[in-house]
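S.K.: Can you keep this structure in mind? I'll have questions shortly.
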Amino acid sequence: MTPPPANPAHGANSPAARDIAHVLHPYTDHKAHREKGPLVITGGRGVYVSDENGKEYLETVAGLWCAGLGFQNERLVQAAAEQMRKLPFYHAFTGRSHMPLIELSEMLIERAPVPMSKAFFANSGSEANDTALKMIWYMNNALGRPQKKKVISRIGGYHGVTVAAASLTGLPANHKLFDLPIAGILHTSRPHHYHNAQPGESEEEFATRLAAELEEMIVREGPDTVAGFFAEPVMGAGGVIVPPATYFEKIQAVLRKYDVLLVADEVICGFGRTGSYWGSQTMGMQPDILTCAKALSSSYLPISGVLVNERVYEALSEGSSQIGTWGHGYTYSGHPVAAAVAVETLKIYDEMDIVSHAAASGAVMQKRLREAVADHPLVGEVRGIGLIGAVELVENKAEHRNFDPAKKVAAKLVALGEEHGLILRALPNDSIAFSPPQIITPDEVEIMVTRFSKALDALSVQLRREGLA
Ligand code: PMP
């Protein structure tokens, strides 16, 4: 197969040409990339990033839902530099420790949404979720019930891309292309009222039906074989799906009945994103295990955390004498420089009262997005809570019917977004995500919504011109 020719618009030796020649990108259509080339980002300022030509874009998704403090925070730079001089690396295996690890663990346990006992660290959300899964498996081995190992997550959920985390993820692109999921990982329905509720079904009725479906699955599999349930408080990459009223209350009643642990994946929802410090608080979840990452360090360095409650910790610690030492950990678990940056990030969040700030800007975002685009002929639903939202594009508003994916409508809007000074992110079902840095101000929200609204109008014109709508 001959690859398509490189685009001559990418001058020889330009960053674009060098990228095309050497970089294998994550989540990218490699062939299309040869033609289109990269958007090379070279700098940042608050909620804006700029490209190699100096053009500034408002980052509507904080990179990958992650740069909570935006793209230029000097205190985080200082925290990293100081720690690099003091102790650039040490590990935490076999009981070794260091001050950033101790301080960060203390701070996270203090801030946890429910009483938590201990904190473990990894480098990414995927690794944090793999760790949570292995904790559940190890714990049940230690408790002498080795058959209790299956875990349930949701269709549309996103938990990462390592082999176990990708299995927990409930999106087709992460499964069928890689022969996943692995055995023992099951998926139940997503709580997406807009698409999955029956005609006339209220949010509460829908939640009751989903809880009944979960209970049937647990009973069918055998309650003594089901150990855990993974859920994001608000599903992010699966489309920004805010669960219907009473959903987690009903789901948790089922989990408690069958002694199934709840893992809250707070990788996106933590640190003020949904209007509370944790998404678990917004959604009334009482997790046994909580995973977090991304805004934990404002993404200035890679670090993720796993918080466990006393019951899980007790089983893990009993395990050492019962079945053998907890043989799990990463070279960089609690890396001192990443941990020092996370400590500084959490201090800044406290000082600026990130929760109130994000809740105020989030309320403006929810209101203004609805006012500006909910009635637009291309918009099926505007949804979200706090500083996380989505605008879903549809071909038929009354039937909630999306465009044929071949029309690539969301990708066209992302391209128009760039022309209008916005970096946009398209999710499944032609949904455009909004998850700007938590530091965004109401005035910046206004700029974001105005630019988006103009890009959407430009999309209508383009679709008509191309005969697609
Ligand atoms: N969980 C959630 C909810 C996520 O959104 C993501 C990443 N977007 C992950 C886990 C995986 O994190 P990472 O890409 O750092 O492995």
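The values are calculated or read from the model by the stated rules, or taken from the named source; none is laboratory data. All values reported here derive from a predicted model rather than from experimental measurement. Note that we place each Cβ from the backbone using ideal geometry, even for glycine, and neighbour counts take in every protein chain shown.
S.K.: Show the residue pairs that are 6+ apart or on different chains and have beta-carbon atoms under 9 Å apart, the first residue being within region 113-125 and closer than 16 Å to Phe230 by Cβ and of a type in the set (A, V, I, L, M), the second being within 16 Å of the ligand (Cβ to nearest atom) and part of a strand (DSSP E or B).
M.R.: Ala122/Thr291; Ala122/Ser304; Ala122/Gly305; Ala122/Val306
S.K.: Here is a follow-up. Would you confirm, using the coordinates I've provided, whether His91 is assigned to a loop (DSSP other than H, G, I, E, B) and within 16 Å of the ligand (Cβ to nearest atom)?
M.R.: No: the conditions fail for His91.
S.K.: Take the conditions surrounded by 14 or more Cβ atoms within 10 Å (Cβ to Cβ), more than 16 Å from the ligand (Cβ to nearest atom) and of a type in the set (Gly, Ala, Ser) and apply them to Ala211. Does it pass?
M.R.: yes
S.K.: To continue, here is another question. Look at region 174-220 and say how many of its residues are of a type outside the set (A, V, I, L, M, F, W, C), assigned to a helix (DSSP H, G or I), closer than 15 Å to Ser153 by Cβ and touching a helix residue (DSSP H, G or I) at 6+ places or on another chain (Cβ under 7 Å).
M.R.: The number of residues fulfilling the criteria is 1.
S.K.: In region 102-123, how many are among the β-branched types (Val, Ile, Thr) and either buried (at least 20 other Cβ atoms within 10 Å of the Cβ) or closer than 16 Å to Glu310 by Cβ (or both)?
M.R.: So the answer is 2.
S.K.: Output the residues belonging to region 329-377 that are of a type in the set (Gly, Ala, Ser), under 19 Å from Ala128 (Cα atoms) and not in a helix (DSSP H, G or I).
M.R.: Gly329, Ser333, Gly334, listed by residue number.
Residue-wise test of (1) touching a helix residue (DSSP H, G or I) at 6+ places or on another chain (Cβ under 9 Å); (2) over 25 Å from Gly157 (Cα atoms).
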{"residue": "Met365", "(1), (2)": "yes, no"}
{"residue": "Asn396", "(1), (2)": "no, yes"}
{"residue": "Asn402", "(1), (2)": "yes, no"}
{"residue": "Lys408", "(1), (2)": "no, no"}
{"residue": "Ala411", "(1), (2)": "no, no"}
{"residue": "Glu419", "(1), (2)": "yes, yes"}
{"residue": "Asn429", "(1), (2)": "yes, no"}
{"residue": "Ser435", "(1), (2)": "yes, no"}
{"residue": "Glu466", "(1), (2)": "yes, yes"}
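S.K.: Give me the pairs, please: first residue somewhere in region 405-428 and within 18 Å of Val382 (Cα to Cα) and modelled with pLDDT of 95 or more, second residue anywhere and surrounded by fewer than 16 Cβ atoms within 10 Å (Cβ to Cβ) and not polar (S, T, N, Q), beta-carbon distance under 7 Å, and either six or more positions apart or on two chains.
M.R.: Matching pairs, first to second residue: Ala426/Ala411.
S.K.: Suppose we filter Leu186, Leu108, Leu177 for residues that are modelled with pLDDT under 95 and more than 18 Å from the chain's Cα centre (by Cα); which single one remains?
M.R.: When all the criteria are applied, what remains is Leu177.
S.K.: Can you name the number of the only condition in (1) part of a strand (DSSP E or B); (2) out of contact with any helix residue (DSSP H, G or I) (no Cβ under 7 Å at 6 or more places or on another chain) that Glu381 fails?
M.R.: Failing condition for Glu381: (2).
S.K.: Just checking, does region 316-332 include any residue being aliphatic (A, V, I, L, M) and more than 30 Å from Phe89 (Cα to Cα)?
M.R.: There is at least one residue in region 316-332 that is aliphatic (A, V, I, L, M) and more than 30 Å from Phe89 (Cα to Cα).
S.K.: If you don't mind, another one. Residue check: is Gln252 in a loop (DSSP other than H, G, I, E, B) and more than 30 Å from Ala80 (Cβ to Cβ)?
M.R.: Taking the combined requirement at face value, the residue does not satisfy it.
S.K.: Of a type in the set (D, E, K, R) and outside the structural domain of Ala342 (by TED's automatic domain parsing) - does that describe any residue in region 11-28?
M.R.: yes
S.K.: Scan (1) polar (S, T, N, Q); (2) assigned to a helix (DSSP H, G or I); (3) surrounded by fewer than 13 Cβ atoms within 10 Å (Cβ to Cβ); (4) within 16 Å of the ligand (Cβ to nearest atom) for the single condition Ser126 breaks and write down its number.
M.R.: The single condition Ser126 does not satisfy is (3).
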